[in-house]
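Each reported figure results from applying straightforward, stated rules to the coordinates on display, with no laboratory input. Quantities reported herein were computed from a predicted structural model and do not represent experimental measurements. Cβ: placed from backbone, ideal geometry, glycine included. Neighbour counts: every protein chain shown.
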Amino acid sequence: MTASNTRASTEPRETTEPVVHILWINAGLSCDGDSVALTAATQPSIEEIVLGGLPGLPKVAVHWPLIDFESGPMQGADPFIEWFYKAERGELDPFVLVVEGSIPNESIKTEGYWCGFGNNPETGQPMTTSEWLDRLAPKATAILCAGTCSAYGGIHAMAGNPTGAMGVADYLGWDWRSKAGLPIVNVPGCPVQPDNLSETILYLLYQVAGQAPMIPLDEALRPTWLFGATVHEGCDRAGYYEQGQFATEYGSPKCLVKIGCWGPVVKCNVPKRGWMNGIGGCPNVGGICIACTMPGFPDKFMPFMDEPPGARVSATASGAYGAVVRRLRTITLRTVDKEPKWRHKGRALLTGYRAPWS
Ligand code: SF4
Ligand code: SF4
């Protein structure tokens with residue numbers, strides 16, 4: 001795959017260097033929390049990506065409402081929406097389509113629309129988000145779903161919702177492949193962990209530039225290096241779990257499983273990575289894991305703050321085993337918490353040295 005010589009709104013006008021465009025639709029059903037989260041990314045930051053501050057990165061033009069200051073609704077050098085029309089006409093190649101928000105089912109009502117983005121130039125009527133997907137997906141080099149809503153539907157797709165909301169893979173099909181052969185890439189989280197998103201954007205840009213192998217994804221289309229381990233495996237409180245010490249109220253440093261933490265069965269790296277610049281990360285700072293990166297979120301994990309179903313069994317087992325381990329460790333701790341015998345408190349001068357011939 002190679003990048004084309006297309007002019008970009010965030011690039012100098014006369015550039016002849018290849019440009020990879022990022023078209024960001026945040027017009028799905030969402031709170032824009034993933035866009036807000038990305039502003040906190042540090043490894044890399046979105047500024048480093050946009051300004052080309054990383055070695056080997058192709059020139060990038062990001063058409064994202066949060067930072068595309070050059071474009072405006074009608075003012076500015078270009079109307080923001082114009083870049084999406086260009087992509088639809090096949091005039092932007094390559095481009096990565098980022099989708100934020102879940103996709104409602106527009107066919108389950110008789111009038112109106114659930115969500116849209118700009119107007120259809122032919123009719124002057126609002127263009128629904130799903131119609132944008134229909135038009136842009138065949139032309140995109142890659143599709144990246146930012147956050148759980150666009151990945152799996154999220155909160156909008158809870159049972160009983162009136163919109164029929166779903167994730168992009170539910171809409172386009174889980175076997176969907178871009179014209180470059182890439183599957184949909186999901187970076188879930190409610191909201192997404194900032195660096196998980198910026199790092200995946202970076203990976204895709206390198207891949208589009210032909211500098212990275214196929215992005216490794218799990219069955220739920222998440223990058224495996226980010227979502228291969230459970231919250232529990234990276235949690236600061238896992239030592240308490242192993243010793244059978246459980247919090248019964250908030251404010252305790254102990255394991256939170258009895259007050260509703262789903263960490264043992266949730267794939268997420270947030271406790272290891274922290275939230276912002278390495279700091280924070282749900283259970284590390286006292287919040288139960290509510291499983292926001294999982295395809296079954298939220299229905300399968302509700303009601304929140306109740307003890308998860310398997311937790312009683314595992315916590316009981318760990319409570320019994322942990323009590324024995326704690327007792328044995330207390331004995332060992334008493335021994336190792338003292339200086340070795342030769343460093344005694346008497347007046348005689350001794351050392352730990354023993355001549356090999358003695
Ligand atoms: S707080 Fe949650 S993730 Fe952390 S050790 Fe306890 S159960 Fe595991
Ligand atoms: S630790 Fe749990 S609640 Fe926190 S971001 Fe990860 S999956 Fe979501």
Please build a GNM for the chain, connecting alpha carbons under 10 Å apart, and tell me which residue among Val185, Val265, Val208 fluctuates the most. Val265
With only Lys, Arg, Asp and Glu charged, each at its Cβ (+1 for the first two, -1 for the last two), find how big the charge dipole of segment 19-227 is about the Cα centre; round to the nearest 20 debye. 300
Highest to lowest packing among 191-199, 46-54, scored as the average C-beta count within 10 Å: 191-199, 46-54
Computed over the chain: relative contact order in percent, which uses C-alpha pairs under 8 Å that are six or more apart: 15
Rounded if a/c is under 1.5, else prolate if a/b is larger than b/c, else oblate: which is segment 257-335, with a ≥ b ≥ c the root eigenvalues of its Cα gyration tensor? oblate
If each of Met158 and Glu219 carries a label point 7 Å out from its Cα toward its Cβ, how far apart are those two points in nm? 2.7
Would you work out which of Gly234, Gly167, Ser178 lies farthest towards the positive end of the dipole of the chain, given +1 charges on the beta-carbon of Lys and Arg and -1 on that of Asp and Glu, about the Cα centre? Gly234
I'd like the isolated cysteines in the chain, meaning no second cysteine's beta-carbon lies under 4.7 angstrom from theirs. Cys31, Cys115, Cys145, Cys149, Cys235, Cys255, Cys261, Cys268, Cys282, Cys289
With +1 at each Lys and Arg Cβ and -1 at each Asp and Glu Cβ, the charge dipole magnitude of the chain around its Cα centre, to the nearest 20 debye, comes out at 2800
With unit charges on the beta carbons (Lys and Arg positive, Asp and Glu negative) and the dipole taken about the Cα centre of the chain, which residue among Ser318, Val257, Ile108 sits farthest to the positive side? Ser318
Sequence gap at least 6, Cα distance under 8 Å: using those rules, report the relative contact order of segment 229-337 to the nearest whole percent. 31
Computed magnitude of the charge dipole of segment 219-358 (debye, nearest 20; Cβ of K, R +1, Cβ of D, E -1): 1020
Let me have the relative contact order for segment 94-180, percent, based on Cα pairs under 8 Å that are six or more residues apart. 38
For segment 314-358 and segment 114-158, what is the separation of their C-alpha centers, rounded to whole Å? 62
Kindly provide the trypsin sites (Lys or Arg not before Pro) of segment 74-150 that DSSP labels as loop, not H, G, I, E or B, and whose Cβ sees at most 12 other Cβ atoms within 10 Å. Arg89
Roughly how many Å is it from the Cα centre of segment 240-256 to that of segment 172-190, as a whole number? 38
In the neighborhood of Asn186, defined by Cβ-to-Cβ distances under 15 Å, what is the net charge if each Lys or Arg adds +1 and each Asp or Glu adds -1? -4
Pull out the extension gain between Ile331 and Arg354, defined as 0.36 nm times the separation in residues minus the alpha carbon to alpha carbon distance; nm, one decimal. 5.5 nm
Violations at 32 Å Cα threshold for listed pairs Lys109/Lys139; Lys109/Lys300; Lys139/Lys272 -> Lys139/Lys272
In terms of the alpha carbon gyration tensor, root eigenvalues a ≥ b ≥ c, rounded if a/c is under 1.5 and otherwise prolate when a/b exceeds b/c or oblate, segment 213-275 is prolate
List every DSSP H helix in the chain whose Cα atoms extend 20 Å or more along the helix's own long axis and whose mean Kyte-Doolittle hydropathy is at least 0.5. none
Counting DSSP beta bridges with both ends in the chain, the antiparallel % (nearest 5): 35
